[in-house]
Structure formats: C-alpha cells, structure tokens
1. Exactly one condition in (1) modelled with pLDDT of 95 or more; (2) out of contact with any Phe, Trp or Tyr (no Cβ under 6 Å at 6 or more places or on another chain) is not met by S81; state its number.
2. Tally time: how many residues in region 17-38 are open to solvent by less than 40 Å² (accessible area, probe 1.4 Å), in contact with a Leu (Cβ under 9 Å, 6 or more places away or on another chain) and within 22 Å of L121 (Cβ to Cβ)?
3. Return the only residue of I111, I96, I67 being open to solvent by 60 Å² or more (accessible area, probe 1.4 Å) and of a type in the set (A, V, I, L, M, F, W, C).
4. Could you check K31 against (1) touching a Gly at 6+ places or on another chain (Cβ under 8 Å); (2) without any contact (Cβ under 8 Å) to a residue 60 or more places away in the chain and say which number it fails?
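The values are calculated or read from the model by the stated rules, or taken from the named source; none is laboratory data. Bear in mind the structure is a predicted one, so any value in this text is a computation, not a measurement. Don't worry about glycine lacking a Cβ; one is built from the backbone with ideal geometry, like all the others, and counts go over all protein chains shown. These accessible areas exclude ligands, DNA and RNA; they are computed on the full protein's heavy atoms, side chains included. Shrake-Rupley method; radii C 1.70, N 1.55, O 1.52, S 1.80 Å.
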Amino acid sequence: MREIPVKTREREEMVDITREVASAVAESGVKEGVCHLNCFHTTAAITVNENADPDVKADMLMALRSIVQEGWPYAHAEGNSPAHVKSSLVGASLAIPISGGRLALGTWQGIIFCEFDGPRLRRVAVTVVAAQ
Ligand code: ZN
C-alpha cells in the first residue's frame, strides 16, 4: 500500500488526484489488475467524475450543499455533521481497473478527492492488486 498526501486549501474543495494515483500504479509495475483507493477520513471522500471542466466540480459541491443543509438541527457536538454526511454520500473507497499498466478510465474521467471540512492535510491509500 502507498499513501498519497492531499493538501486542501478550502473548507470545501474537489482536488484532482488522477496523476498521483497513476504514478502509484506505474511504480507498482502491475499491468493487469485493480487499483483500490481508500480515503482515510470521515469528512472527506473520493469519487470518479469529469476532470475537464472545473464547473462540474463546483456544481457537485453546490448540489451536495443543497442536499445536506448547514442549518439542520445536527446533534454531533463537533459541528461538522454536514461534512460527515457528504462523506458517506460520496463514499470512502473506489476500485478502478488497471489495463496495460494504466488506469482504465474514460476520456473525461478523473479521480477526485472531495474535501468537506478543510483545509487540512489528508491521505488516500492506494492498494494495487495484480490479476492472476
Ligand atoms: Zn465530526
């Protein structure tokens, strides 16, 4: 397992980590298999979505803010329950196929780290599993 550090700069932010994950896959030497990713945090998440137009990331954050509202009567004393809920809605892990030594992603797909309670220094685990 390798770890990718992700330094976020905003309270809510979507950070493209495709290049870092692709480097970890290349270093592994695995040609055919699966790249598993785990976000170690309960107020952040990871997803695959469009990385070409930055408006898509902004729209996803806007939509999540609309679904999970700040003003609800949350019980969690730390005050960051909206971030916890968004983390679970988006998800903590991903599995992406590896083909020909590369991540098998669609033309417009990128791997996006989703910060919901930043800025912080975050970590994503990359586990590369070779197909038999
Ligand atoms: Zn909390």
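1. Of everything listed in (1) modelled with pLDDT of 95 or more; (2) out of contact with any Phe, Trp or Tyr (no Cβ under 6 Å at 6 or more places or on another chain), S81 misses just condition (2).
2. 4
3. Just a single option satisfies the conditions, and that option is I67.
4. Here K31 meets the rest and fails (2).
Residues are listed down the side, and each one gets a yes or a no for (1) more than 16 Å from the ligand (Cβ to nearest atom); (2) in contact with a strand residue (DSSP E or B) (Cβ under 8 Å, 6 or more places away or on another chain):
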{"position": "C39", "(1), (2)": "no, yes"}
{"position": "T42", "(1), (2)": "no, no"}
{"position": "L64", "(1), (2)": "yes, no"}
{"position": "E70", "(1), (2)": "no, no"}
{"position": "V85", "(1), (2)": "no, no"}
{"position": "L103", "(1), (2)": "yes, yes"}
{"position": "W108", "(1), (2)": "yes, yes"}
{"position": "I112", "(1), (2)": "yes, yes"}
